[in-house]
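Taking it in order: structure first as structure tokens, then the write-up.
No lab work stands behind these numbers, since they all come straight from the coordinates. This is a predicted model, so every value here is computed, not measured. All Cβ positions, glycine included, derive from the backbone under ideal geometry; neighbour counts span all protein chains shown.
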Amino acid sequence: MAKKKVAIVGAGISGLGCAYALRQHPDLEITIFEAGKHIGGHSNTVDITLNASTGPMTYGVDTGFLVFNRKTYPRLVRLFEEIGVPIAPSEMSFSVSIDASEKTGRDQKIEWAGNDLNSFFGQRSNLLSPSFWRMAYDILRFNRLATKLAEEQIADKLEYSEPDERIKDFLDRNRFSPSFRENYFLPMIGAIWSCSVEQMLEFPIQTMVRFCHNHGLLQIQNRPQWLTIKGGSREYV
């Protein structure tokens, strides 16, 4: 009996995972098609060589896929465990440092980090800054509103927000402060999505809050333990 031919378009994690799952069917002839120059899609490890005091040192740098957690990626974790990919705990932190600039009208530098209260007020002058305290208040308020919206999506009830409401409109409607937008929200989203501020603000708010909710970014405490692949994502590709 002739084998059935199966074509898989794309050699990213979905395509490779599909091919791996179908490998157990001997009656299938599987062909993967990939238009890019490398397989793995978003998972891509590049070797970078730097000069050190002891001579050239080469490091593997992941340009896309970096981290995952057991709560959000249960099937991916199961795949890694099945094929023996080495994983290790990873630290996920967030900090902001923005210089003063005449061009943007910012009259002073601002720095803060989200590890704990000490790092949050690492720039001690922020203790006396009303705009910084307003940012802190808005962070808590945003987390609360975004969590509500995400839970409504899960329950398939979009009563709180219009289905296609833009991030910009959501921020305007809820009167989030300039300090919150410029010193927290936009830097955070910019670290997640590599695009311009203008593009970010046009994204649907539902897409953003669903991503943040799934990854524990709307929680101050009890965030999931992040994991990474030892040796880079090429270990499973």
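Projecting the Cα atoms of Asn214, Gln225, Asn174 onto the charge dipole of the chain (Cβ charges, centred on the Cα centre) puts Gln225 farthest toward the positive pole. Of all DSSP bridge pairs formed entirely within the chain, close to 75 percent run antiparallel.
If you put +1 on each Lys and Arg Cβ and -1 on each Asp and Glu Cβ, how big is the dipole of the chain around its Cα centre, in Debye rounded to 20? Mind showing how you got there, number by number?
Values: 27 positive and 27 negative charges, 78 e Å.
Roughly 380 debye, rounded to the nearest 20.
Taking amide H positions as modeled 1.01 Å from N, with prolines and chain starts lacking one, the residues under 5 Å from Asp62 and 5 or more places away or on another chain are Val46.
Taking log10 I(q)/I(0) by the Debye sum over Cα atoms at q = 0.09, 0.13, 0.14 Å⁻¹ as calculated from this structure, the corresponding entry among [x] -0.55, -1.03, -1.13; [y] -0.35, -0.76, -0.89; [z] -0.43, -0.87, -1.00 is [x].
Normalised by the number of residues in segment 1-41, the average gap of Cα pairs under 8 Å and 6 or more apart makes the relative contact order 55 percent. For segment 95-214, the relative contact order is 24 percent, taking Cα pairs closer than 8 Å that sit 6 or more residues apart in sequence and dividing their mean separation by the residue count. For segment 176-185, 3J(HN,Hα) computed residue by residue from phi via the Karplus equation (6.51, -1.76, 1.60; θ = phi - 60°) reads 6, 5, x, 4, 4, 5, 7, 9, 9, 5 Hz, glycine and proline entered as x.
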